[in-house]
Amino acid sequence: MSAHPFWPPPPRTIMTPGPVEADPRVLRAMSFPILGQFDPAFTAIMNETMEMLRRLFRTSNRQAYPVDGTSRAGLEAVLAGVIEPGDRVLVPICGRFGHLLHEIAERYGAEVTVIEREWGTAFDPDEIVTAIRRCNPKVVALVHGETSTGRLQPMDGIGAACREYDALLVVDAVATIGGVPVNADDWLADAVVGGTQKCLSVPSGMAPITYNARVERLLAGRKRIERGLRAAGEGSSARPFIRSNYLDLCQLQDYWGPERLNHHTEMTAMLYGLREGVRIALEEGLEARFKRHRLHERALVKGLSAMGLTLFGDPSCKMPVVTCVNIPDGVDGESVRSMLLDAFGIEIAGSFGPLKGRIWRIGTMGYGCNMRNVLLTLGALEAVLLRHGVRVPAGEALQAAMDVYAEEKSAQAG
Ligand SMILES: Cc1ncc(COP(=O)(O)O)c(C=O)c1O
């Protein structure tokens, strides 16, 4: 057989909003021996992971565990669990992933009301509260970090309004968990979904979720145990059962709980990876980790500005872990991305829908969010832009970013 040109996979510096480079400790953990899924050693790892996820989500919820599948599996599991056909669901949308929530809710039979804002902005929480009053939904589903536009949704008051109007608040924190504060309990969020392949620097393939007793009560009414697992007398509950078998939270929580009701075969190696990724985040300390993300964002932004590039979107709601850059007029954004990859092994992202071809998105997430990567990216981007005929003030970007690091160093010393 002829050699494959990309095997083994080439080394890359991944500066996209995900997937990003996995922490080597995570990759090592993923190569540990497989355990049987009812082996006490394995169930102890499951329980420990649940406890660490509670700390990561900042919650006292009993339910905190990963759904197997990529992040949208977590979103779909939560929405499939809380939506019964005909339920009213409110989805605020200002980017691709808001549209994804709409899409999933619709597929589970919801009557979806959307409120939309221009891509590159976020909602004033009052706009969402007003919409809750107007449409009285059973569920409000929103995105905390809208990766497609690099915007962070302020959460103040939204959870309280949901409680007042007896709506459940479901939050997509896929891109923010582990990089930006995600405060499930303080937000009064009923369910929060995280992602592995971004600020946790674990490969994609699991979606950590948490949900509270309000959601558990709703699920209790929809429980339906698989036929082959039912004991005599067990059957279905009164309300419509969840349409997905794989993403059935009733069965998943019984698998993760003391019942250990068999469902799918757990993704052993992924769980080792997730456990290690969350452990690394907690070891660093969440506040220290958020601060680190802010520092490297600041250096990146200073460098980009010194290069004469402009940032896309409303700066008041910029995500600290994603920086969106307007592609200069007349520049072929894809050609720049290809040259960065081919010549430097650095990957940055484009965007979707109305922003396709208009912006680049640079991620500074998790393990890859460090000085070396920020400086390499700025230097390489400068070289590639010069190569594309863009007149950038050579050398300024790196100096501006290095100033940020020097200031931080002296602030730490002082
Ligand atoms: C905010 C947000 N939500 C959901 C998703 C979907 O995640 P996945 O591709 O892991 O299913 C992504 C992925 O980039 C995301 O950024």
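Determine, yes or no, whether residue 86 is more than 14 Å from residue 171 (Cα to Cα) and surrounded by fewer than 22 Cβ atoms within 10 Å (Cβ to Cβ). Here the answer is yes, as residue 86 does meet what is asked. Restricting the first residue to the stretch 155-183 and requiring it to be modelled with pLDDT of 95 or more and among the aromatic types (Phe, Trp, Tyr), which pairs with a second residue that is more than 13 Å from the ligand (Cβ to nearest atom) and in a helix (DSSP H, G or I) meet a Cβ separation below 7 Å and a spacing of at least six or different chains? Pairs found: 165/132; 165/133. Can you tell me how many residues in the stretch 115-144 are open to solvent by less than 40 Å² (accessible area, probe 1.4 Å), in contact with a strand residue (DSSP E or B) (Cβ under 8 Å, 6 or more places away or on another chain) and farther than 18 Å from residue 103 by Cα? The total comes to 8.
What number of residues within the stretch 245-274 are open to solvent by 50 Å² or more (accessible area, probe 1.4 Å) and in contact (Cβ under 8 Å) with a residue 24 or more places away in the chain? Number satisfying all stated conditions: 4. Quick check, is residue 98 within 20 Å of residue 311 (Cβ to Cβ) and either open to solvent by less than 10 Å² (accessible area, probe 1.4 Å) or hydrophobic (A, V, I, L, M, F, W, C) (or both)? Answer is no for this residue. Note on the stretch 147-183: residues that are over 20 Å from residue 215 (Cβ atoms), in a strand (DSSP E or B) and open to solvent by 10 Å² or more (accessible area, probe 1.4 Å) amount to 1. Scanning the stretch 206-225 for residues that are under 12 Å from residue 248 (Cα atoms) and open to solvent by less than 10 Å² (accessible area, probe 1.4 Å) yields 219, 222. Whether any residue in the stretch 236-248 is within 14 Å of the chain's Cα centre (by Cα) and assigned to a strand (DSSP E or B) is what I want to check. Checking the stretch 236-248: not a single residue is within 14 Å of the chain's Cα centre (by Cα) and assigned to a strand (DSSP E or B).
For residue 316, the conditions (1) among the polar types (S, T, N, Q); (2) in a loop (DSSP other than H, G, I, E, B); (3) surrounded by fewer than 17 Cβ atoms within 10 Å (Cβ to Cβ) are fulfilled apart from (2). Taking the residues in the stretch 57-75 that are assigned to a helix (DSSP H, G or I) and near the ligand (Cβ under 9 Å from one of its atoms) as candidates, determine which candidate is most open to solvent (accessible area, probe 1.4 Å). The residue in question is 72. Would a scan of the stretch 33-40 turn up a residue that is in a strand (DSSP E or B) and open to solvent by 40 Å² or more (accessible area, probe 1.4 Å)? Within the stretch 33-40, none of the residues are in a strand (DSSP E or B) and open to solvent by 40 Å² or more (accessible area, probe 1.4 Å).
The values are calculated or read from the model by the stated rules, or taken from the named source; none is laboratory data. Every value quoted in this text rests on a predicted model; they were computed, and no experiment measured them. With ideal geometry, Cβ positions are generated from the backbone for all residues, glycine too; neighbour counts draw on all protein chains shown. To get the accessible areas, we keep the full protein, side chains included, count just its heavy atoms, and leave off ligands, DNA and RNA. Shrake-Rupley method; radii C 1.70, N 1.55, O 1.52, S 1.80 Å.
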